[in-house]
């Protein structure tokens, strides 16, 4: 569903992402992890069609993002770490707006269920300025879920949520994956990544230094056997790590 | 601590200038700067350089300048937001407010930060008004402009403190600000009296025609009371309007005294502005370019899930415009005005309504050029959300077209309202040279032409936002100050020049068609000519939108929006 081949992105003299290759299949949740400045956000933004790759190929649900951007984006949903909402549209108007963009014909049927799932029923006519950070995050997620995308890109999806909201969001992500959506998730919350991701891609200085399931990574690095993802992550991205 | 604030102001300004300088490494910015410089050079070099270079003086110049100053003063007291006068950034709020700095120190810091834009604008206004090169006399005028803008800026700040104090502390605030309130009240009372006097002079002579009525108004300003009322404004304006060095030296004293008086007034205010300024700063930051005003959620027209996809953006922008302003109230006022003006046009020889009609028509014409600067519910407002826009399943040209269409629609409605009101003002005027039928023909032609012209004008503005995102003024950063108008005038001049280039072919078409059909149809020849002309204009607009769309698809949001 998400195929990345030789993704390379350069800003002036800075290489933000270097020859990155990976894929996320239908129903998979893949975690994109790495220290600050590793190139995770640039990768997600390139996959969302926001930044133009210097070279490389991205395919979303079989559509080449460079050659057929509209078709590729129609199958995609992107939830950034800072939810961007329109200040003069209410919660329910955001959903209707998104429905028009993605041609969601059953939007009126979906709205009650979606608002219930995101616990936003009482805020359906509220403007974003009246919502808390967590509610804004939920609304951005609601807009992303509305058109039942084939692929989802989530950048720090739990930011600003309370414990109950985190649990609900985690459950939503799992359900969507179970329904066949390919999900690429970037987060610093390694417990979350460990709990819901089937595989991880560990990035450092714009490159993938490890990828695969925990077992795959341990197979590559037997010295890391028995460690948690957090310990594994720290070992992989430390300056002493091989290839650093 | 004061040295730290000076350091902050100095380094912030120096880094900002350095950043703007570095931006010129980008060829598109460099070319734009060179074109801007060429335009500027033409502006001041169009005439032979003259040491005399006086501003365009006429019998009405003095009146216009005074009217402008009075309007600016009234605006400061009646409409300018209490909380926006001292515009702090969130970083300043977080770092400076908790620091051991006095209120006076914070105000002085903000006044210091304002000096660079004021100086730049004083320079620009000197060029715009007097078209002077920088010789000695021009320097005197720049100083005069600086005095004028700085005093107006201080007045706005002082007025905002008084208003905030009255709003938040009620009777206690009234006691604390008794002198300021008394002076403002006396001024308002005198102004109302003088206004009534002028209206009486106008009404008494309106039977003799508009020109005689306006002349009577001007004469009434020479009476003792109006002269006394206008004296501080004349003091303030004189150094900016005088080029003769001895006269300037005589004029600068009173103007400088006014500035010092304002500075003392503001510095001694000791207004508790922190809470309001902090709230305003965070609101501006959060809303990123939207008016920080509480919004009443009104019912929206339904948006179907089917139809032209970019229509969602048009719907969103129109909704934002409607919710950001009291559109319903404005429509009701316009309707009442239309009825009132139509009735007034039948009264006497209709001179009063005619005067209003000409003002309305002037505004309608001005809004064709300036409207695209005022109506900004398009890509210019949405630039901070470029990430979001680019993730939508839409082509670049579709996004730009939808954004431009929303603004063009709003502007067209406003212009048509002005033209319609003007039509009502001339309705009963039998002495008017152009008959009712011809006027109706022109109004109908405007109905057809204006949407096309406005769409092109907005396409140009949105193209500028895409090509030069770092130069786009975000409304959130706008302090609405008079002294910042100079930059807007420069932008206005350049964008109007581009619009005129695109209008050349459609204008030739419309004039040609009118010429060919005039014998058969008279003024009604406008009607078939206008759609043909609009067709040409739309073809040009399509080319602009397609090209801008391609640039939009290649634009890197990292450059425009640091949020990603």
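Size descriptors for region B:311-445: radius of gyration and Dmax over Cα atoms are 18.6, 62 Å. Shown for A:228, B:407, A:122, B:269: other C-beta atoms within 10 Å of each C-beta, ranked fewest to most, produce the order A:122, A:228, B:269, B:407.
The equivalent ellipsoid that matches the C-alpha gyration tensor of region A:115-244 spans semi-axes of 33, 15, 13 angstrom, in descending order.
Please list log₁₀ I(q)/I(0) at q = 0.14, 0.15, 0.23, 0.24 Å⁻¹ for region A:82-148, using the Debye equation with identical point scatterers on the alpha-carbon positions. With one equal scatterer per Cα and no solvent, log10 I(q)/I(0) is -0.33, -0.38, -0.93, -1.02. Each 5 Å bin from zero holds the following percent of Cα-Cα pairs in chain A: 1, 6, 14, 17, 19, 16, 12, 8, 4, 2, 1.
For region A:172-237, taking Cα atoms only, Rg and Dmax work out to 12.4, 36 Å respectively.
For A:52, A:33, the sequence from fewest to most other C-beta atoms within 10 Å is A:52, A:33.
Show that you can apply the helix-only estimate: for chain A, add -39,500 (n - 2.57) for every DSSP H stretch of four or more residues, divide by all residues, and state [θ] at 222 nm to the nearest 500. One gets -11000 deg cm²/dmol as the mean residue ellipticity at 222 nm.
Arranged from fewest to most other beta-carbon atoms within 10 Å of their beta carbon, B:538, B:418 become B:538, B:418.
Can you pull the percent of Cα pairs in region A:5-56 with separation above 15 Å?
The calculated P(r) of region A:5-56 puts 46 percent of pairs beyond 15 Å.
Principal-axis analysis of the Cα atoms of chain A puts helix A:107-117 at an angle of about 60° to the longest axis. Across all Cα pairs in region A:1-136, the calculated P(r) in 10 Å bins from zero up to the longest distance comes to 11, 33, 31, 22, 4, 0 percent per bin.
If I fit a long axis through the Cα atoms of helix A:163-178 and take the longest principal axis of the Cα atoms of chain A, what angle between them do I get, 0 to 90°, rounded to 10? It is inclined by approximately 80 degrees.
As a calculated quantity, the FRET efficiency between residue A:189 and residue B:16 at R0 = 51 Å, using C-beta atoms, amounts to about 0.85.
Taking every eigenvalue of the Cα gyration tensor of the protein assembly as shown, multiplying by 5 and rooting it, what semi-axes result, largest first, whole Å?
Numbers: eigenvalues 570, 228, 137 Å².
Sorted largest first and rounded, they come to 53, 34, 26 Å.
List the pair-distance distribution P(r) of region B:309-560, using every Cα-Cα distance, as the percent of pairs falling in each 10 Å bin from 0 up to the bin containing the longest distance, rounded to whole percents. Answer for region B:309-560: a P(r) of 7, 27, 32, 23, 9, 2, 0 percent. Averaged over the residues of A:93-106, the number of partner chain Cβ atoms lying within 10 Å of the residue Cβ comes to 5. GNM on chain A, alpha-carbon springs under 10 angstrom: the most fluctuating residue among A:113, A:144, A:77 is A:113.
Only the coordinates and a few stated rules stand behind these numbers; no lab work does. Model, not experiment: these values are computed from the prediction. Positions of Cβ are generated from backbone atoms using ideal geometry, with glycine treated the same way; all protein chains shown enter the neighbour counts.
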